[in-house]
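Enquirer: Starting off with a structure, shown below.
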Amino acid sequence: MLDIKLIRNEPERVREALRRRGEHAESALDKLLELDRSRREVLVEVEDKRSLRNAVSEQIAQAKKAKEDASDKIAAMRQVGEEIKQLDARLKEIEAALEEELLQVPNLPEPSAPAGGEEDSVVMHHWGEPRKFSFTPLDHLEIAEKHDLIDMERGARTSGSRFAYLKGDLVFLQFALVQFALQKLASKGFRPAIVPVLVRDEAMYGTGFFPTDLQQVYHIEADGLNLVGTSEVPLAALHMDEILDEGDLPVRYVGYSTCFRREAGAAGKDTRGIFRVHQFDKVEMFSFCAPEKSPEEHDFMRSIEEEILQELGLPYRAVNIAAGDLGAPAAKKYDLEAWLPSQERYREVTSCSNCTDYQARRLKVRAKGEKGGPYLLHTLNGTVVAVGRTIIAIMENYQTEDGLIEVPAALRPFLPTRTTVLGI
RNA sequence: GGAGGGGUGGCGGAGUCUGGUUGAUCGCACCGGUCUUGAAAACCGGCAGGCCGCAAGGUCUCGCGGGUUCGAAUCCCGCCCCCUCCGCCA
């Protein structure tokens with residue numbers, strides 16, 4: 001959520017920034033400014049009346065104490081009370097409308113995020129050379145089928161399309177990746193957390209997924225809960241309504257959870273294998289940091305993601321995502337895309353976003369200390385390992401002609417000593 | 001699921017029965033100062049947030065939302081959460 005004061009004081013700056021996202025913000029901003037104006041108007045009026053009532057109520061108390069008659073004052077205040085009630089109702093209406101509008105405005109992109117849509121994203125750099133195969137490389141599903149490692153048919157029978165069973169050595173590979181990721185992040189000061197995957201609407205709104213991405217989320221009607229699409233949600237909500245001690249910043253977590261996405265609107269896209277499924281596991285990093293430190297923290301997160309892909313020996317490229325392709329809460333985003341031999345292109349495996357104070361304002365996560373305060377923090381999130389997609393990249397990049405997978409050395413300490421298809 | 005108890009400032013804990021200058025007594029923690037070679041102790045001062053406002057100031061918040069009342073932390077209703085006991089259970 002944006003600061004209404006910013007919109008009030010610098011509407012042109014907001015308008016310009018939203019244009020870089022390709023948003024047609026004109027009518028929404030005008031409406032916001034109008035609602036803000038009438039809100040303050042009614043607020044002053046109702047507060048004046050309250051002030052009067054408070055003062056006279058005190059006089060009534062004094063009069064009663066002195067055994068004097070105060071019935072005329074009581075009658076007058078009864079009238080004032082009615083007026084307050086009516087003004088209050090109007091104020092609430094205005095505030096609800098203002099809130100509703102404000103919730104729909106996405107974060108302002110950082111100047112360093114390229115303007116425009118998906119095609120305007122900028123490739124920053126590459127790492128590693130795509131491997132030259134002496135045979136025709138298979139895609140991850142073909143490799144999996146040789147050893148019965150991924151079962152899409154039975155997944156579909158049990159749960160529908162885009163659900164899979166992961167079997168055999170891939171299960172060990174999954175936990176090796178998770179363990180590898182958790183240990184690395186813990187060594188860098190991220191506190192491991194296993195988070196609730198069912199959250200209240202509050203957490204979804206607070207992180208900016210609602211109302212924008214309502215249709216992407218599995219909703220449990222009976223309990224009013226939502227299945228999270230990323231542990232970013234419960235991690236961000238972890239310090240909701242709290243004022244942190246400035247000396248503890250940055251506060252960093254690494255979360256592990258299953259993620260659930262409806263993938264509405266993705267029909268026909270990436271239908272093969274486990275690249276895009278309704279349920280997957282992910283290790284995610286999250287940081288609450290001082291506002292002036294967030295660009296630095298963002299680069300730090302990207303460097304961790306790069307370090308991991310490098311240790312896994314997966315060729316990738318880093319992309320600075322264009323403003324129009326950012327999620328609503330993000331001001332800037334980097335994606336890392338790993339090379340997939342079967343598709344002969346780079347595909348997203350990690351993503352990290354600087355959400356500046358957008359989530360913190362909604363969630364009321366603040367800090368105070370020498371700089372004073374309380375002031376809003378900045379929040380950042382990043383993929384450490386999206387397990388499914390990383391497994392795909394490892395399978396495809398490390399496949400051998402006879403259908404084995406020669407897992408990267410970095411993972412071997414976390415794998416069983418003997419496996420049938422992992423080449424160890 | 002059944003029965004009870006409870007949610008007050010960073011923490012502890014008053015106030016709720018008997019509504020009235022109580023956004024809230026007190027203690028601890030914390031910050032600043034005096035004293036001290038330094039520290040501790042003692043003493044003095046400060047110390048929850050939101051909103052409106054240039055400011056002065058006003059207003060709201062005692063889990064959340066409604067109601068009663070001239071006036072609600074205090075009374076009434078609904079919801080959320082926590083704790084104890086019983087039942088069930090990975």
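Enquirer: Spot the failing condition for A:Glu99; the list is (1) open to solvent by 40 Å² or more (accessible area, probe 1.4 Å); (2) part of a loop (DSSP other than H, G, I, E, B); (3) over 30 Å from A:Asn320 (Cβ atoms), and only one is missed.
Expert: All conditions are met except number (2).
Enquirer: Counting just the residues of segment A:78-92 that are touching a residue at least 12 places away in the same chain (Cβ under 8 Å) and within 9 Å of RNA strand B (Cβ to nearest atom), which one comes out most open to solvent (accessible area, probe 1.4 Å)?
Expert: Per the stated criteria, the residue is A:Asp88.
Enquirer: Does A:Arg262 satisfy the criteria of being open to solvent by 40 Å² or more (accessible area, probe 1.4 Å), among the basic types (Lys, Arg) and touching an Asp or Glu at 6+ places or on another chain (Cβ under 9 Å)?
Expert: No: the conditions fail for A:Arg262.
Enquirer: For A:Val277, are the conditions met, namely being within 18 Å of the chain's Cα centre (by Cα), at pLDDT 95 or above, surrounded by 17 or more Cβ atoms within 10 Å (Cβ to Cβ) and over 25 Å from A:Pro374 (Cα atoms)?
Expert: no
Enquirer: Hey, does segment A:374-385 have a residue that's without any contact (Cβ under 8 Å) to a residue 24 or more places away in the chain, outside any helix (DSSP H, G or I) and more than 25 Å from A:Pro192 (Cβ to Cβ)? So that I can check it myself, show each step before the final result.
Expert: The first filter runs over segment A:374-385 and keeps only residues without any contact (Cβ under 8 Å) to a residue 24 or more places away in the chain, leaving none.
Looking for residues that are without any contact (Cβ under 8 Å) to a residue 24 or more places away in the chain, outside any helix (DSSP H, G or I) and more than 25 Å from A:Pro192 (Cβ to Cβ), one finds none in segment A:374-385, hence no.
Enquirer: Tell me which residues, restricted to segment A:374-399, are open to solvent by 30 Å² or more (accessible area, probe 1.4 Å), farther than 23 Å from A:Cys352 by Cα and modelled with pLDDT of 95 or more.
Expert: The one that is open to solvent by 30 Å² or more (accessible area, probe 1.4 Å), farther than 23 Å from A:Cys352 by Cα and modelled with pLDDT of 95 or more: A:Tyr398.
Enquirer: Evaluate segment A:295-310: report whether one residue or more is aliphatic (A, V, I, L, M), farther than 24 Å from A:Ala181 by Cα and at pLDDT 95 or above. Please lay out each step first, then the result.
Expert: First, pick out the residues of segment A:295-310 that are aliphatic (A, V, I, L, M): A:301, A:304, A:308-309.
The next check asks that each one be farther than 24 Å from A:Ala181 by Cα; those that pass are none.
Within segment A:295-310, none of the residues are aliphatic (A, V, I, L, M), farther than 24 Å from A:Ala181 by Cα and at pLDDT 95 or above.
Enquirer: Ok, one more. Is it the case that segment A:142-149 has a residue that's surrounded by 13 or more Cβ atoms within 10 Å (Cβ to Cβ), modelled with pLDDT of 95 or more and assigned to a loop (DSSP other than H, G, I, E, B)?
Expert: Scanning segment A:142-149 turns up at least one residue that is surrounded by 13 or more Cβ atoms within 10 Å (Cβ to Cβ), modelled with pLDDT of 95 or more and assigned to a loop (DSSP other than H, G, I, E, B).
Enquirer: On to the next question. So which of A:Ala410, A:Ala318, A:Ala367, A:Ala360 ends up being within 16 Å of RNA strand B (Cβ to nearest atom), open to solvent by less than 30 Å² (accessible area, probe 1.4 Å), in contact with a helix residue (DSSP H, G or I) (Cβ under 8 Å, 6 or more places away or on another chain) and outside any loop (DSSP other than H, G, I, E, B)? So that I can check it myself, show each step before the final result.
Expert: Working: A:Ala410 fails: within 16 Å of RNA strand B (Cβ to nearest atom); A:Ala318 fails: within 16 Å of RNA strand B (Cβ to nearest atom); A:Ala360 fails: in contact with a helix residue (DSSP H, G or I) (Cβ under 8 Å, 6 or more places away or on another chain).
Only one candidate qualifies: A:Ala367.
Enquirer: Would you call A:Pro130 in a loop (DSSP other than H, G, I, E, B) and touching a Phe, Trp or Tyr at 6+ places or on another chain (Cβ under 6 Å)?
Expert: In short, yes.
Enquirer: Output the number of residues of segment A:195-216 satisfying the condition of being touching a helix residue (DSSP H, G or I) at 6+ places or on another chain (Cβ under 7 Å) and open to solvent by less than 60 Å² (accessible area, probe 1.4 Å).
Expert: 10
Enquirer: For segment A:282-299, name all the residues that are buried (at least 21 other Cβ atoms within 10 Å of the Cβ) and either within 30 Å of A:Val171 (Cα to Cα) or without any contact (Cβ under 8 Å) to a residue 24 or more places away in the chain (or both).
Expert: Applying the first criterion (buried (at least 21 other Cβ atoms within 10 Å of the Cβ)) to segment A:282-299 yields A:282-289, A:294, A:297-298.
Once the filter is applied, which keeps residues that are buried (at least 21 other Cβ atoms within 10 Å of the Cβ) and either within 30 Å of A:Val171 (Cα to Cα) or without any contact (Cβ under 8 Å) to a residue 24 or more places away in the chain (or both), segment A:282-299 yields A:Lys282, A:Val283, A:Glu284, A:Met285, A:Phe286, A:Ser287.
Enquirer: May I pose another question? What do you reckon, is A:Phe180 open to solvent by less than 20 Å² (accessible area, probe 1.4 Å) and either assigned to a helix (DSSP H, G or I) or touching a residue at least 12 places away in the same chain (Cβ under 8 Å) (or both)?
Expert: yes
Enquirer: Restrict the check to segment A:69-77 and report whether at least one residue is surrounded by 13 or more Cβ atoms within 10 Å (Cβ to Cβ), closer than 30 Å to A:Ser121 by Cα and among the hydrophobic types (A, V, I, L, M, F, W, C).
Expert: No, that holds for no residue.
Enquirer: For segment A:150-167, which residues satisfy the criterion of being open to solvent by 80 Å² or more (accessible area, probe 1.4 Å) and free of Cβ contacts under 8 Å to residues at least 12 places away in the same chain?
Expert: A:Glu153, A:Arg154, A:Arg157, A:Thr158
Enquirer: Scan segment A:185-244 for residues that are part of a helix (DSSP H, G or I), modelled with pLDDT of 90 or more and among the aliphatic types (A, V, I, L, M) and jot them down.
Expert: Matches in segment A:185-244: A:Leu185, A:Ala186, A:Ala203, A:Met204, A:Leu214, A:Val233, A:Leu235, A:Ala236, A:Ala237.
Enquirer: Restricting to segment A:44-55, and then to whatever is within 6 Å of RNA strand B (Cβ to nearest atom) and surrounded by fewer than 12 Cβ atoms within 10 Å (Cβ to Cβ), can you tell me which residue is nearest to A:Ala96 (Cα to Cα)? Explain how you work it out, then say what you get.
Expert: Going through segment A:44-55, the residues within 6 Å of RNA strand B (Cβ to nearest atom) turn out to be A:44, A:47, A:50-51, A:53-54.
Then keep just the ones that are surrounded by fewer than 12 Cβ atoms within 10 Å (Cβ to Cβ); that gives A:44, A:51, A:54.
Working: A:Val44: 18, A:Ser51: 24, A:Asn54: 26 Å.
Out of the qualifying residues, it is A:Val44.
Enquirer: Can you pull out every residue in segment A:334-352 that is surrounded by 20 or more Cβ atoms within 10 Å (Cβ to Cβ), in a strand (DSSP E or B) and touching a helix residue (DSSP H, G or I) at 6+ places or on another chain (Cβ under 8 Å)?
Expert: Residues satisfying the conditions are A:Tyr334, A:Leu336, A:Ala338, A:Trp339, A:Leu340, A:Val349, A:Thr350, A:Cys352.
To keep it simple, each residue is scored yes or no on (1) within 8 Å of RNA strand B (Cβ to nearest atom); (2) free of Cβ contacts under 8 Å to residues at least 24 places away in the same chain.
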residue: A:Asn9; (1), (2): no, yes
residue: A:Glu16; (1), (2): no, yes
residue: A:Glu34; (1), (2): no, yes
residue: A:Val42; (1), (2): no, no
residue: A:Ser57; (1), (2): yes, yes
residue: A:Lys64; (1), (2): yes, yes
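The values are calculated or read from the model by the stated rules, or taken from the named source; none is laboratory data. These numbers were taken from a predicted model, which means no experiment stands behind them. Cβ atoms come from the backbone with ideal geometry, glycine included; neighbour counts cover every protein chain shown. These accessible areas exclude ligands, DNA and RNA; they are computed on the full protein's heavy atoms, side chains included. Shrake-Rupley method; radii C 1.70, N 1.55, O 1.52, S 1.80 Å.
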